[in-house]
Structure formats: C-alpha cells, structure tokens
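First the structure, in the form of structure tokens, and then the observations on it.
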Amino acid sequence: MARMIVVWRKPQDARAFEEHYFATHVPLAKRLPGLRKYEVSAGAIVALNGAPADTHLISILHFDSLEVIKRAFASPEGEACARDRQLMAPSEAVQTFLFEDRDA
C-alpha cells in the first residue's frame, strides 16, 4: 500500500476553506483512479510538544502503490484536483508526502 498525506496550514478564512474543501475538493479527489480510501482529520490538530499547531486539516489518501498515485494524478481527475488545490491554497500553505508503507 501507499499513502498520500496532505497537511493543510491554517487558512485566512477557515469557514470558506472548509466549505470549498468538503463540497468541491473532496468529491473531486474521490474520483481519482485507484483511490482506496480517503480520510480527513477531525477536530483540532495538536502538536505533541504543546506548541500551537499551524495545521488546520490533514488528509490521508490510500492507494495500492506509488505508481498508482502517479497514474492517478496524471489522469484528468488528478489534473482537476491539482488545479482545484491551487485555487484553494497557495503552495506554501500545503505540504504533501507520498510513501509506500510497511508493517513495523
């Protein structure tokens, strides 16, 4: 399995961000070819060191492999997600991590 973790920093207008995210972005992303599961954090994000977190939301997308993720984002649905992400948040407001996972 492979994961895509997206860390969204706190937006200027949290209400507008969430309205767009849940009404537009999530439905777009759920159409990605090969997507197995889509998770979104619930409630406040708390940093382990007790410092205030500048994170607003965390998304975790599950795929079979990194190759499947690559193909998903090369598809028309993936290109639509990328365009929408650019509308939602500037690049510096988003961190994305891709990785294969393994049992420890």
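The values are calculated or read from the model by the stated rules, or taken from the named source; none is laboratory data. If you're wondering where the values come from, they're calculated on a predicted model, not measured in any experiment. Every residue, glycine among them, receives a Cβ derived from its backbone with ideal geometry; neighbour counts consider all protein chains shown.
Say we look at the range 84-104 and pick out the residues that are assigned to a helix (DSSP H, G or I) and more than 13 Å from the chain's Cα centre (by Cα); which of these is farthest from Pro27 (Cα to Cα)? I'd like the intermediate steps shown before the answer.
Looking only at the range 84-104, we keep the residues that are assigned to a helix (DSSP H, G or I), and these are 84-88, 91-93.
Those still in the list that are more than 13 Å from the chain's Cα centre (by Cα) too: 87, 92.
Details: Leu87: 15, Glu92: 23 Å.
Filtering the range 84-104 for residues that are assigned to a helix (DSSP H, G or I) and more than 13 Å from the chain's Cα centre (by Cα), the one farthest from Pro27 (Cα to Cα) comes out as Glu92.
Contact list please: Cβ distance under 7 Å, first residue in the range 85-104 and over 24 Å from Val68 (Cβ atoms), second residue part of a strand (DSSP E or B) and not aromatic (Phe, Trp, Tyr), pairs at least six apart or on different chains.
Note: pairs meeting the criteria are Ala93/Arg9.
Mind checking which residues of the range 72-95 are out of contact with any helix residue (DSSP H, G or I) (no Cβ under 9 Å at 6 or more places or on another chain) and at pLDDT 95 or above?
Ala74, Ser75, Pro76
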